[in-house]
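Everything below concerns the one structure shown next.
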Amino acid sequence: MPQPDQSSPGTAWAEALLREVFPEAEVIEVLPRTGGQLSTVYELRCVDPAHSAILKVYAPEWAWKQAKEVHVYRILAGLDSLPVPRVLHHTPDGAPGGRAVTVLNLLSGLPLSEASKDLHAAQMPSFYRQMGATLATIHQIGQDAYGYMTDRILDPRPDNGTYMRHQFAKKLAEFKTLGGDDRLHDAVARRIERDGALFDNCRSPVLCHNDLHEGNVLVAPGAAARVTGIIDVENAIAADPLIDLAKTDYYSLGRGEPERAALFEGYGPLPGDAAERLDLYRLYHALELWDWFRSIGTVDPLASIADDIARLAGQRSDTPS
């Protein structure tokens, strides 16, 4: 029988936690996995592979995200065709230092962002087609109002126009506070003033993943070229389905028309004003991303994102980042 790897940090407490789910579990390795800014993710490898799992440890200031993730994963579990992790165990104080932890079942596959390094370009559209179909499936889940989700909708808004004007106003205020260019700020405000009525064309909010990019899609890159998992629901919102589709499109950085066409083909029919609405939502995602990077001190992408904001707002970009 393999012996536990005593050099792996946290093996003992990880095993004790996992035994809340699998009483006979023996953890032999704790491997860091791709994580985000808000949590650290580990793979717990066990003597019995059936006991292996994913462990998420939340930074203290983001522990409230745990309830959201558990809630959204359980909603998505009701869609039998959607490969999402099952929540096996969660506790607000299971990690050293009393940090919140969640245990999820281990899905097969690699993040597409990693697997794509070894894939031929001709294989990528197939994955984007499946990503489009995945979004269409998630969007079958209707919501009662528009807004940010935890285990409920916070500050619910009755219609999409109210919600999106509020969101743009908030992100524009952050942009100004963070030192964004005034001309760019004003160009975005003018675009929303001119075309914001398009937001009112969405009549019903749905559950939106709101972060379905290559890092959050697990794939089996062999001959089948299939998506094996959808992960990381920490950004989920109740909103216009097109805002979700626009984010996947905007975050497909480095991809081209074959991937974009496949994404929309996989998603299916779109409303008549989709092109115009999608452009407004791409503008929102670019503005939000600029604010986020600036707030955490990541400056290298700012000039490129500012170019995107200027283009989507209809302004020539000679503005500094």
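Below, the figures for the structure above:
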| item | result |
| --- | --- |
| Given (1) within 19 Å of L172 (Cα to Cα); (2) assigned to a loop (DSSP other than H, G, I, E, B); (3) modelled with pLDDT of 95 or more, index of the condition D300 fails | (1) |
| Selection status of S52, crowded, with 16+ Cβ neighbours inside 10 Å, more than 21 Å from T150 (Cα to Cα) and small (G, A, S) | yes |
| Complete set of residues in the range 256-280 that are closer than 26 Å to A122 by Cα, open to solvent by 70 Å² or more (accessible area, probe 1.4 Å) and not in a helix (DSSP H, G or I) | P269 |
| Subset of the range 138-163 (residues that are surrounded by 15 or more Cβ atoms within 10 Å (Cβ to Cβ), under 19 Å from the mean Cα position of the chain (by Cα) and more than 21 Å from L79 (Cα to Cα)) | Y146, G147, Y148 |
| Every residue from the range 27-40 that is buried (at least 17 other Cβ atoms within 10 Å of the Cβ) and at pLDDT 90 or above | V27, I28, E29, V30 |
| Any hit, the range 86-103, residues being within 27 Å of L263 (Cβ to Cβ), open to solvent by less than 50 Å² (accessible area, probe 1.4 Å), within 19 Å of the chain's Cα centre (by Cα) and touching a residue at least 24 places away in the same chain (Cβ under 8 Å) | no |
| Among residues of the range 289-309, those that are of a type in the set (D, E) and open to solvent by 40 Å² or more (accessible area, probe 1.4 Å), counted | 2 |
| Within the range 206-255, considering residues that are part of a loop (DSSP other than H, G, I, E, B), farther than 18 Å from E114 by Cα and of a type outside the set (S, T, N, Q), the one farthest from the chain's Cα centre (by Cα) | D240 |
| Some residue of the range 109-121 being loosely packed, with under 15 Cβ neighbours inside 10 Å, polar (S, T, N, Q) and modelled with pLDDT of 95 or more | no |
| Criterion: closer than 30 Å to G254 by Cβ, within 20 Å of the chain's Cα centre (by Cα) and open to solvent by 30 Å² or more (accessible area, probe 1.4 Å) - qualifying residue of L106, L135 | L106 |
| Complete set of residues in the range 184-211 that are open to solvent by 20 Å² or more (accessible area, probe 1.4 Å) and within 13 Å of N160 (Cα to Cα) | A197, L198, D200, N201, R203, S204 |
| Candidates A275, A286 - the one that is among the small types (G, A, S) and closer than 17 Å to A310 by Cα | A286 |
| Among (1) closer than 28 Å to A145 by Cα; (2) out of contact with any helix residue (DSSP H, G or I) (no Cβ under 7 Å at 6 or more places or on another chain) - the single one D249 does not satisfy | (2) |
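The values are calculated or read from the model by the stated rules, or taken from the named source; none is laboratory data. None of the values given here were measured: they were computed from a predicted structure. FYI the Cβ positions are ideal-geometry reconstructions off the backbone, even for glycines, and counts take in every protein chain you see. With ligands, DNA and RNA removed, areas are computed over all heavy atoms of the protein, side chains included. Shrake-Rupley method; radii C 1.70, N 1.55, O 1.52, S 1.80 Å.
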